[in-house]
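Enquirer: Quick one: the structure is below, questions incoming.
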Amino acid sequence: MDAGKERILIVDDMETNRLILEDIIINMGYSPTLAESGEEALEIIPQLSPHLILTDISMPGIDGYQLCKVLKGNEKTKDISVIFISAFDNPEDIVEGFLLGGEDYITKPFVPEIIQARVGVHLRLLKAKHELVELNRRLQVSVNEQLKQMEMEKKNILYALANIASQNSSYGEKHIERLKYNCQILAQGMQLSLQFGDKISDTFIDTIELAAPLCDIGKIGISKEILQKRSGLTEEEISIIQNHTKIGAKLLEDLHVNNDYNEFISTSIDITRHHHENWDGSGYPDGLKQEEIPLAAQIVSIMSTYCVLTGEIGYSREEALDQMRKESGIRFNPDIFEICCKISRQLC
């Protein structure tokens with residue numbers, strides 16, 4: 001609110017009173033607007049948006065009390081300060097004005113110094129309120145920026161752990177980037193299908209791209225010797241490796257996050273815990289089957305297998321898909337696998 005730009009509405013059915021108050025307000029350096037009735041004031045207020053209203057109480061038609069009641073009951077005008085003017089100083093009248101939401105009470109005959117003091121106080125209060133609102137807005141922006149920075153740092157830490165787990169598993173250095181990209185491409189292809197179009201939003205695609213690299217983050221808790229063992233694994237070692245799904249999910253569940261971060265974390269948990277579930281229910285850790293398996297986990301299951309076959313094992317695209325087709329309907333959702341085949345030329 002700029003000094004000298006304060007708009008003050010004067011409402012009084014007596015012309016003499018209006019003119020006296022107008023002169024006082026002008027001498028204070030403010031901008032007065034005059035209304036001779038409550039009805040006229042209600043017509044002026046939406047266009048004027050006054051900072052302060054000086055209103056007589058006793059007027060024909062809509063009186064000052066009724067005017068104040070209307071203003072305080074409207075979300076758009078409830079914050080306008082109202083000062084009542086009256087020839088009476090009955091305490092009951094003053095109390096009623098305050099109960100209706102009025103901010104102050106001035107009696108006639110007018111004493112310019114009193115009016116200047118009262119008006120000045122309320123305009124300073126209004127300015128202080130605006131400054132406080134602006135300060136809170138700036139503070140909220142600052143807090144939000146700090147929260148975003150904190151969440152980004154959390155993501156960076158998670159990706160760093162996922163990279164270590166990937167290296168410990170002897171995956172190629174581009175494995176995570178390929179997985180991230182291919183999951184996004186498959187999700188986009190599903191979005192264009194009749195079967196999955198209503199289940200795949202743009203937000204889902206963005207989220208799975210961010211969350212997919214964390215699928216094996218739980219392997220950070222598995223010894224490198226077991227992960228890189230070349231000879232046959234014992235049943236105990238297999239059990240230890242399979243436990244990476246629970247380790248990873250628990251790590252993510254223990255993060256304390258705000259609401260904006262929850263979708264990323266919840267999707268990451270779904271993927272991390274369930275990307276080894278099989279379509280026929282033979283997978284781990286929970287033996288989920290078919291639609292019980294989170295959709296994001298179904299996508300990562302197919303794409304992580306594809307990335308390993310075409311990366312670490314060295315299959316061509318066609319060889320990998322031929323191998324995977326044998327497990328369509330067993331390990332993989334057959335409908336998603338068919339979409340994968342259709343868009344496979346876009347995969348890296």
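Enquirer: Give the value in nm², to one decimal: projected area of the alpha carbon convex hull of the chain, averaged over all directions.
Expert: Computed as one quarter of the Cα hull surface, the answer is 26.2 nm².
Enquirer: Hey, another quick one. Please compute the net charge surrounding C215, taking Lys and Arg as +1 and Asp and Glu as -1 over other residues with Cβ under 11 Å from its Cβ.
Expert: Result for the local shell: +1.
Enquirer: Could you provide, to the nearest whole Å², the per residue accessible area of the chain with probe 1.4 Å?
Expert: Dividing the accessible area of the chain by its residue count gives 53 Å².
Enquirer: Take the residue pairs K224/K326; K224/K250; K229/K342; K219/K326; K148/K224 and return only those whose Cα atoms are more than 25 Å apart.
Expert: Check vs 25 Å cut-off fails for K224/K326; K229/K342; K219/K326; K148/K224.
Enquirer: Hey, which lysines would be in cross-link range of K5, C-alpha to C-alpha under 22 Å, not counting anything within fewer than 8 residues on its own chain?
Expert: Result set, ordered by chain and number: K76, K78, K127, K129.
Enquirer: Please work out whether the range 104-260 counts as rounded, prolate or oblate from its C-alpha gyration tensor, where a ≥ b ≥ c are the square roots of the eigenvalues and a/c under 1.5 means rounded, while otherwise a/b larger than b/c means prolate and anything else oblate?
Expert: Taking the square roots of the gyration eigenvalues as a ≥ b ≥ c, the range 104-260 is prolate.
Enquirer: Could you order the peptides 167-176, 192-201, 333-342, 137-146 from most to least packed, using the average number of other C-beta atoms within 10 Å per residue?
Expert: Ranked by mean Cβ neighbours within 10 Å, highest first: 333-342, 167-176, 192-201, 137-146.
Enquirer: Further question on the same structure: Over the chain, with every protein chain in place, what whole percent of the accessible area is carbon and sulfur at 1.4 Å, could you tell me?
Expert: Using a 1.4 Å probe with all protein chains present, the chain comes out at 51 percent carbon and sulfur.
Enquirer: So if I take the alpha carbon set of the range 231-298, get Rg, then get Rh from the Kirkwood formula, what is the Rg over Rh ratio?
Expert: Reported Rg/Rh, Kirkwood definition of Rh: 1.05.
The values are calculated or read from the model by the stated rules, or taken from the named source; none is laboratory data. Keep in mind that this is a model prediction, so the values were computed, not measured. Neighbour counts are summed over all protein chains in view; Cβ atoms, including those assigned to glycine, are modelled from backbone coordinates with ideal geometry. All accessible areas refer to the heavy atoms of the entire protein, side chains included, with ligands and DNA or RNA removed. Shrake-Rupley method; radii C 1.70, N 1.55, O 1.52, S 1.80 Å.
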